[in-house]
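A short worksheet on the structure shown next.
The values are calculated or read from the model by the stated rules, or taken from the named source; none is laboratory data. Values in this document were obtained by computation on a predicted structure and should not be read as measured data. Backbone-built Cβ (ideal geometry, glycine too); neighbour counts: all protein chains shown. All accessible areas refer to the heavy atoms of the entire protein, side chains included, with ligands and DNA or RNA removed. Shrake-Rupley method; radii C 1.70, N 1.55, O 1.52, S 1.80 Å.
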Amino acid sequence: MATKKKTAVKRRKYIFVVGGVMSGVGKGITASSIGVILQDRGFKVTSIKIDPYVNVDAGTMNPTEHGEVFVLNDGFETDQDMGNYERFLNVSIPSDNYMTTGRVYLSVIEKERNLKYKGKCVQVVPHIPLEVISRIKLAAEKADADIAIIEVGGTVGEYENILFVEAARMMELQNPDDVSCVMVSYLPVPSKLGEMKTKPTQHAVRALNSNGVQPNVIIARSSEPLDQVRKEKIALFCNMRPENVISAPDVESIYDVPINFEKDKLSDKLLASLKLKPKKDSSLKEWRKFVAITKNTKKEVNIAVVGKYFSTGDFVLSDAYISVIEAIKYAAYVNGAKPILTWLSSEEFEGDEAKTNLRTLSNYDGILVPGGFGSRGIEGKLSVIQYAREHKIPYFGLCYGMQLLVIEFARNVLGFDVANTAEIDPNSPHLVIDIMPDQKKKMKEENYGGSMRLGAYPAILKKGTVAGKAYGSKKEISERHRHRYEVNPEYIERLEKGGLVFSATSPDGILMEIAELPESKHPFFLGTQFHPELIARPLDPHPLFVEFVRVALSQRKK
Ligand code: GLN
């Protein structure tokens, strides 16, 4: 008699990472680092982010307010924490792993409208936490993860994230051995006292307790290491073992965090709380190798980043370009150099001061113009690009930085002095950057989101070009996009005749993905329509960034 073969269902485990006391103390880096140390013990890990805001995704948020919008392979626009997860875990994460209050409510309401609740009264509790749980489980299943790490945005006790903590409680109630909770809490050292205070953390744990959840581990973030006295105090008042209170003082680099966690044997503790036996000893071999390089480089490479999303009030904010910064760092390290980044506001290169400020650009080994939107600071960026081209300073343009490279070339080399992008001057007689016909239709219908090219697309490389060589033996690449405009096909022939090379195009040859000047004309003058920074990882730096920094360094020697 034929017997049915049974396939064992994998028992997945879940770690919730919640914040106590205040935000901004490294919850995302903690969640990412926990991923790294558990991967190191032989487990398949995926990371999930829950953001409490009502926006359905991060696409419509201003980068100065919220930091960078990180785009996933499938085109979903998310929070920069997803970038940290991808970089730390060295995996690509799908949109299933990201949810906001808005997204959760939207799907519950849609289900209700589609009679999925079979006439029941749909309530905030339990239906919202149940939707959260089903999304968490689906994400873990799709990733075939042994362990899913779920970072809950905000801090405990906040009205906004209470339903997410409720989801954690419900999951734990169902399978206590499968769910663990880590609280990342802040311990202030008031300058007048000079002593580390544990009371705010005690209150945060009480707030979590009042939602029915007890942390298994507390990550004690502070300017200084936690001493044994305070460890024991937190343990006593927060109802846990002292060894599960982990000291997490400020560190020089975020990449030190996994290594520091393992000094306190955090992976052992987490695995024990999930009743899992490690599959491998802790080693973090590759990670340690990378961190050692970051600390041992002596020579420097000076890169100027010219952008506009830098300042809010009195503060300079580089969060808007976090992936760009990290991508430059990884490329510098593999080239044996320490990256020195300088932020230059594009508006400095407009008006009376422009000439003087442009001259200072010769102090840099390379110049990078990252992505952007709108017209503020554009003329300044164009002057910077022209200066880089004429003075043979390595230039790397990302997305808008590539479109502006094409405009600059059209204006100053081809002589189309009014060349522009439709984003700035739709009436320009020379729209070298324009919107494609199918997108025009969507824009008319005010479907702005739908008119963007988002996510990973393939591109074909041209042999013998700067880009072709940088990517090594690859003929086809896959890169992530987030833009509305493209190089206008009507101008391609003229641009090429003038000497610009399109070294990668879409497989059908219609969309220009990389523009560059040949090596004989300029050491490195290259722009990508896509965002290479989104797939640069510490253990797998991006080839174009690596080449940009290599050339920047080699020019320096001359
Ligand atoms: N604003 C340009 C566009 O929409 C470039 C976008 C970007 O740099 N991400 O096409």
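From LYS469, LYS463, grab the single residue that is over 25 Å from GLY59 (Cβ atoms), in a helix (DSSP H, G or I) and open to solvent by 50 Å² or more (accessible area, probe 1.4 Å). It is LYS469.
Would you please name the residue that is farthest from the ligand (Cβ to nearest atom), looking only at residues in the stretch 327-357 that are open to solvent by less than 10 Å² (accessible area, probe 1.4 Å), over 21 Å from THR421 (Cβ atoms) and in a helix (DSSP H, G or I)?
Filtering the stretch 327-357 for residues open to solvent by less than 10 Å² (accessible area, probe 1.4 Å) gives 327-328, 330-332, 337, 346, 349.
Remaining after also requiring over 21 Å from THR421 (Cβ atoms): 327-328, 330-332, 337.
In the following step, the residues that additionally are in a helix (DSSP H, G or I) were identified as 327-328, 330-332.
Numbers: ALA327: 15, ILE328: 17, TYR330: 21, ALA331: 20, ALA332: 23 Å.
The qualifying residue farthest from the ligand (Cβ to nearest atom) is ALA332.
Name the residue, out of ARG537, ARG480, that is within 22 Å of GLY75 (Cβ to Cβ) and more than 16 Å from the ligand (Cβ to nearest atom).
Working: ARG480 fails: more than 16 Å from the ligand (Cβ to nearest atom).
It is ARG537.
Taking the conditions exactly as written (closer than 27 Å to LEU266 by Cα and outside any helix (DSSP H, G or I)), does ALA145 satisfy them or not?
yes
Applying the condition of being open to solvent by less than 20 Å² (accessible area, probe 1.4 Å) and of a type in the set (Ser, Thr, Tyr) to the stretch 358-407 and asking which residue is farthest from the ligand (Cβ to nearest atom) yields TYR395. Taking (1) more than 16 Å from the ligand (Cβ to nearest atom); (2) at pLDDT 95 or above; (3) not acidic (Asp, Glu) in turn, VAL432 satisfies each apart from (1).
If only residues of the stretch 419-429 that are surrounded by fewer than 20 Cβ atoms within 10 Å (Cβ to Cβ) and farther than 14 Å from PHE373 by Cα are counted, the one that is farthest from the ligand (Cβ to nearest atom) is PRO429. Restricting attention to the stretch 508-520, does a residue exist that is closer than 30 Å to THR294 by Cβ, in a loop (DSSP other than H, G, I, E, B), away from the ligand (no atom under 15 Å from the Cβ) and among the hydroxyl-bearing types (Ser, Thr, Tyr)? No: zero hits. Only one of the numbered conditions (1) more than 22 Å from PHE548 (Cα to Cα); (2) among the β-branched types (Val, Ile, Thr); (3) within 15 Å of the ligand (Cβ to nearest atom) is violated by VAL413, and that is (3). Do we have any residue at all in the stretch 457-465 that's within 16 Å of the ligand (Cβ to nearest atom) and under 15 Å from PHE373 (Cβ atoms)? Checked against the condition, which is being within 16 Å of the ligand (Cβ to nearest atom) and under 15 Å from PHE373 (Cβ atoms), the stretch 457-465 yields no hits at all.
Given the condition under 25 Å from the mean Cα position of the chain (by Cα), assigned to a strand (DSSP E or B) and free of Cβ contacts under 8 Å to residues at least 60 places away in the same chain, answer yes or no: does some residue in the stretch 496-504 qualify? Yes, there is a match, as at least one residue in the stretch 496-504 is under 25 Å from the mean Cα position of the chain (by Cα), assigned to a strand (DSSP E or B) and free of Cβ contacts under 8 Å to residues at least 60 places away in the same chain.
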